[in-house]
Amino acid sequence: MCIRDRLALALMRFLGSGIGIYGRGVLIIPMEQDLNVGRDMISLLFAATILPPALLGPVGGWLMDRLGGRRVLVISSIITGLGFITLLWVNSFFALVLVYIGFISLAYNWCVWQAPTAITNNWFIRNKALGLSILSAGVGAGGVVLVPVAEFMVDAFGWRVASAIGGSAI
């Protein structure tokens, strides 16, 4: 695995953490105002997105062993991106729950966390720690760089369009 591949996987973590984890805080208030629900409901939704990956994480590992990490990465990236783009048409809290739990949550976990780690881990015999460190560097960088960008996009275009743009980037 060359440095270009390592950086590409780190970019996936950069985008994924900035959009899917740290960027969530920017969405809470606009979502609650737009969907007319309390902060507790939006926060509960974001907390509930941990459940599908927790239950089906081993399935992702099995798929990566069977199909290869790169295939799972590509397929789950497409599903995640389409999930974020689908937020353009969400007009109720129930629809938001379906999209986040049904599309984004599990596929996001596989494309941002599991697949890049599996690919990096399987590729390296020597310098494995360096490869995983480069991969992990994308997480913090994504939060630092993309949260202000997400804030700008939400203010300029609204949370739906900002989510769709973020999903397109993934």
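With the requirement that a residue be among the polar types (S, T, N, Q) and either in contact with a Ser or Thr (Cβ under 8 Å, 6 or more places away or on another chain) or outside any helix (DSSP H, G or I) (or both), what does the range 1-55 give you? Listed by number, the residues that qualify are 36, 49. The criterion of at least 2 residues that are without any contact (Cβ under 8 Å) to a residue 60 or more places away in the chain and surrounded by 19 or more Cβ atoms within 10 Å (Cβ to Cβ) is met by the following helices (runs of 4 or more DSSP H) wholly inside the range 56-166: 69-86, 105-108, 115-123.
Every residue, every condition in (1) charged (D, E, K, R); (2) within 13 Å of residue 96 (Cα to Cα), yes or no:
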{"site": "9", "(1), (2)": "no, no"}
{"site": "14", "(1), (2)": "no, no"}
{"site": "22", "(1), (2)": "no, no"}
{"site": "27", "(1), (2)": "no, yes"}
{"site": "39", "(1), (2)": "yes, no"}
{"site": "43", "(1), (2)": "no, yes"}
{"site": "54", "(1), (2)": "no, no"}
{"site": "62", "(1), (2)": "no, no"}
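Residue pairs whose Cβ atoms lie under 9 Å apart, sitting 6 or more positions apart in sequence or on different chains, and linking a residue in the range 24-37 that is on the phi > 0 side of the Ramachandran plot and open to solvent by 50 Å² or more (accessible area, probe 1.4 Å) to a partner that is modelled with pLDDT of 95 or more and outside any loop (DSSP other than H, G, I, E, B), are 36/93. Could you tell me whether residue 113 is within 19 Å of residue 137 (Cβ to Cβ) and out of contact with any His (no Cβ under 6 Å at 6 or more places or on another chain)? Criteria met by residue 113. Take residue 67 and tell me if it is more than 20 Å from residue 29 (Cα to Cα) and not β-branched (Val, Ile, Thr). Judged against the criteria, residue 67 is a match.
The values are calculated or read from the model by the stated rules, or taken from the named source; none is laboratory data. Fair warning: this is a prediction, and the values are worked out from it, not measured in the lab. Every residue, glycine among them, receives a Cβ derived from its backbone with ideal geometry; neighbour counts consider all protein chains shown. Note: areas computed on protein heavy atoms with side chains; ligands, DNA, RNA excluded. Shrake-Rupley method; radii C 1.70, N 1.55, O 1.52, S 1.80 Å.
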